[in-house]
Structures are given as C-alpha cells and as structure tokens.
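Visitor: Take this structure, written in structure tokens, and hold onto it; I'll ask about it next.
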Amino acid sequence: MLSRTDMSAHPPSAPPVRAALLGFGFAGRTFHAPLIQATEGLELRVVASSQPDAVRAQVPGATVVASAREAATHPDVDLVVIATPNESHAPLAEAALRAGKHVVVDKPFTVTLAEARVLWALVRKQRVSLSVFHNRRWDSDFLALRTVIAEGLLGRVTHLESRFDRFRPEVRQRWREQAVPGAGVWQDLGPHLVDQALQLFGLPEKVHAQLARHRDGAQVDDWCQVTLVYPRRHVVLQASMLVSGGLPRFAVHGTKGSWLKYGMDTQEEQLRAGKRPGSAGWGLDPSPGLLLTGDARNGTPTVAPPGNYLRYYAMLRDSLRNSDRNPVTSTQALAVVSVMEAAVRAAESGREQTPDLTKDERVEFTSDFDVGVPSHSTGTAEVGARALMMAIQAVDAELRQLEESTEAAGEDADPDDQLLMLSYWKTAEELRNAYLHATETVINLPPYEQLVRPRGPKKQG
C-alpha cells in the first residue's frame, strides 16, 4: 500500500476527489497512478485500459473500462486524468470538460494551438478546472536552479542551455516514434524544456529552431535544438535520442558566474523501480550543481532540495477543494503550446518566429506568470526581491515589444494597443513600487533603472 502525503493540508473527514485515469501505458502506469494513490484526498476510482489485469494488480478496487471516452464522462468521478497518446488529448479533454469534470492532461497539453484555444475557452464557459502535468517544475535540479537565480548568485542570466537526452539508437515500434500527429522528440521532451524556460523568464520575443532525424529509419524528429530569444538573453533547448552522456543537464551563465548541473532528476527512475512516492530518500539528487564565479576553475556544490512530483497533485487537490492556486494553469499551458508551435514553424521555414498569442492571451499570461520563489524556499525578503527582479524584466520585455510594434505601425496601429499598453504600464508600476519597497530592507540590490531598458525620446513625425 502506498503512503499518503500532506494529510495536514486536507482534513481526513473531507470526501475524496474521485479520479479517473485514461490510459495505463508508460505515463499512466509509472507516473499518474502511483502519484494519485500517494496523495491524501485523491481516490483513483476508474481506469480506462485494455489491460484490466495489470490495472487491478496495481490499483485494486478500481473500476476498469475499455473506453477512454466512457471514463472521461463517468458519473462516479470528479477529476479526469488524461495519459493517452498525444493526438487524443484534445478530444478527450473536451468530452470531460463538457461533462462538467475537472481535467488533468499529461504533456503536451495539445498537439496544436487551435486545439488548446478551444479547451482554454471551454474551461471558462464550464467553470471547471483544467491543469497540465508539467511535473518537471518539481525536479530537484530545477528547484535548485530557481533558487540560484532568485538569490542572484549568477547576476543577470544571459545564456541558459537546457537539455534532455537519451541513447536509443534503434527506432522502436511505438506511437511516439511513428509518423502520427504529436509524435517525435520535440513533442515528447520539448514541453518539459519550454515550460521550465517560461517559468524562469516568461515569453520569448522570438524562436529559432532546427528539428532533424538522425537515426537510421527514423520517421519523426529525434533531435532538436530550439533557441528562445529574450532581451539580452538566449535560452537554448536541446534533446536527442543519440547522446549517451557527458553533457550537462543545465549550463547557466550570467554576469557573476556560471552554474552547471550533470545528471537527471531521480524521481522517474525511482517510479520505474516501484519506489513509493514520498518514502525515505525520495527525490534526493546525488549530483549537486556546481557554482563557478569569477575565474574559479573548481565549482562550489549548491544545495539541491529533494524533487517532489507529489507536490503537483497535492496543489491540484487543494485548488479543487479550497480554491487554492492551480499548479499549472490552462493559460500557462496555452503559452507552452504557442512556443512549441512557433518552433515547428521556425524549423519548417528556416526563419525566426514569434509565439502566436493574442493580446488578451499575453496579458493573461503576464498576470499569471509564476515568477515565484521556489516552493521549498523559506520566503526571505532577499529571495522575494530577486523574484521581483525577474518579473520586472519579463514585463518590461513584453511592454517594449508592444511599444515597438505600435510605433512601427504608425497610423495603422490597432486602437486596442493603447489599452493593452496601459494594462502593462499598470503592472509595471505595481512591480516597481514593490521592488522599491524591497530595497529598503534588502542590501546590494541593483537600482530599478538597471532592470529595464532605457526608453529614448519619441521619434518626431
């Protein structure tokens, strides 16, 4: 029997959130079922699978149905968790939402931005919750990186490289490696890389990308290199099926130094081995990151908090029960899909692309942008001030992009742009006031003027 977690956050007397799991392949069997079972206040009632014996062995007492659509609309469940092939995410999520269910979708949210927008609008119409399982936000190394950046140990981050690699030289007979919608390494691993980048720095201005097939017999991309372009910052995202090791998971460089991290988070390996989520040694990272400052040749190990995928489902439970914050909102997921799709367009065209979000979507993402201090942080004034710095720079980049496009359009500028700029200016002013207040208690913070790019005089017409 799996151990339960976070009992203090959820009174035992409260009725459980009844869940249905759609799909019992790798993602459903390895990630979602164990994590749901280990979270106090969630109950896995229904599983859609063609392997009833395998389900009953791992989830005794669950009702097993063959049809995913039947599970998505089952009358005995409140929450539907979708862990089916990528191209089925959108139609199954839509069916569940229309049936009044709360929904979790495994990454990627959807294959196309158009599908994501349909679900994004439906969530608002149905007044239910939709969340995407971007579990890599709770990797030990990513939590450590957020702290390193928030505490200003690297200064202003100018260059980040993030990669997920495998060594699988043989093309396998599975849908992820076949020529079907939503297949390929970019759709498989790219959502993790993009979501982490957006959590750190917000939306990029431009996207460059290359997608390729390197293995003999490959039907879909098995290598990718995507660059997210920000003001004075480049984020390089990479994944390959032909890298056997030796490269850092993260390489981050800034005006004060660098941070290198080798090795992957251990939670997936522990789940594969059948280790109980939350048990002794869960999520511990044996390979701490190394901080290098100045001309130092030897790095200083940095403290890495344990990884904690259980945190996602605990936060989801609290958002459904207590109206607490959704751990991954539909707006955040929509933004990830917009960057994913921009990368595909960039690779196909050979030209840089801009994420195709509307003005309203950008405003909502900016207001929803989680610059927050990592969940394990003590919440000190200094860490909070560093998080404010990141928010100020992200909003400034969005505002500058809007100002430049409006100026370039001249008399043909969209009248709504002025209202949008006013909204951004209001957000920027609120962040400025909060930062100035923080400088009264935290020493060695840079002046506010150094965080934003100076705006020159308006061109005379």
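Visitor: Rounded, prolate or oblate, given the Cα gyration tensor of segment 137-308, with a/c below 1.5 counting as rounded? Let's see the in-between values first.
Guide: Values: a/c = 1.95, a/b = 1.27, b/c = 1.53.
Taking the square roots of the gyration eigenvalues as a ≥ b ≥ c, segment 137-308 is oblate.
Visitor: Here's something else I'd like to know. Which length gain, in nm to one decimal place, applies between residue 422 and residue 300 when the Cα-Cα distance is subtracted from 0.36 nm times their residue separation?
Guide: Details: separation 122, 0.36 × 122 = 43.92 nm, distance 4.46 nm.
Gain on extension, residue 422 to residue 300, equals 39.5 nm.
Visitor: Here's something else I'd like to know. As I understand it, the dipole of the chain uses +1 on the Cβ of Lys and Arg and -1 on the Cβ of Asp and Glu, about the Cα centre. Which of 428, 353, 160 lies farthest toward its positive end?
Guide: Projecting each Cα onto the dipole axis, the largest value belongs to 160.
Visitor: Restricting to the chain, compute how many DSSP beta bridges are antiparallel as a %, nearest 5. Don't skip to the answer; put the middle values down first.
Guide: Working: 32 of 61 bridges.
Just about 50 percent of them are antiparallel.
Visitor: Show that you can apply the helix-only estimate: for the chain, add -39,500 (n - 2.57) for every DSSP H stretch of four or more residues, divide by all residues, and state [θ] at 222 nm to the nearest 500.
Guide: Numbers: 13 runs with 170 residues, N = 461.
One gets -11500 deg cm²/dmol as the mean residue ellipticity at 222 nm.
Visitor: Which length gain, in nm to one decimal place, applies between residue 215 and residue 167 when the Cα-Cα distance is subtracted from 0.36 nm times their residue separation? Display every interim value, and only then the final one.
Guide: Values: separation 48, 0.36 × 48 = 17.28 nm, distance 1.07 nm.
Answer, rounded to one decimal: 16.2 nm.
Visitor: Need the C-alpha centroid separation for segment 183-238 versus segment 151-167, integer Å.
Guide: That distance is 14 Å.
Visitor: Just order 351-360, 301-310 by mean Cβ neighbour count inside 10 Å, highest at the front, would you?
Guide: On the way: 351-360: 15.8, 301-310: 19.7.
Ranked by mean Cβ neighbours within 10 Å, highest first: 301-310, 351-360.
Visitor: Of the DSSP beta bridges with both residues in segment 137-308, give the percent that are antiparallel, rounding to the nearest 5. Mind dumping the intermediate values first?
Guide: Numbers: 31 of 38 bridges.
Expressed as a percentage, antiparallel bridges in segment 137-308 total about 80.
Visitor: Which of rounded, prolate, oblate describes the chain, given a ≥ b ≥ c as roots of the alpha-carbon gyration tensor eigenvalues and a/c under 1.5 marking rounded, otherwise prolate only if a/b is larger than b/c? Intermediate results must be reported in sequence, preceding the final value.
Guide: Details: a/c = 1.45, a/b = 1.38, b/c = 1.05.
Cα axes put the chain in the rounded bin.
Coordinate-derived values only; no laboratory data. Quantities reported herein were computed from a predicted structural model and do not represent experimental measurements. So basically every Cβ, Gly included, is an ideal-geometry build from the backbone, and we count neighbours across all protein chains shown.
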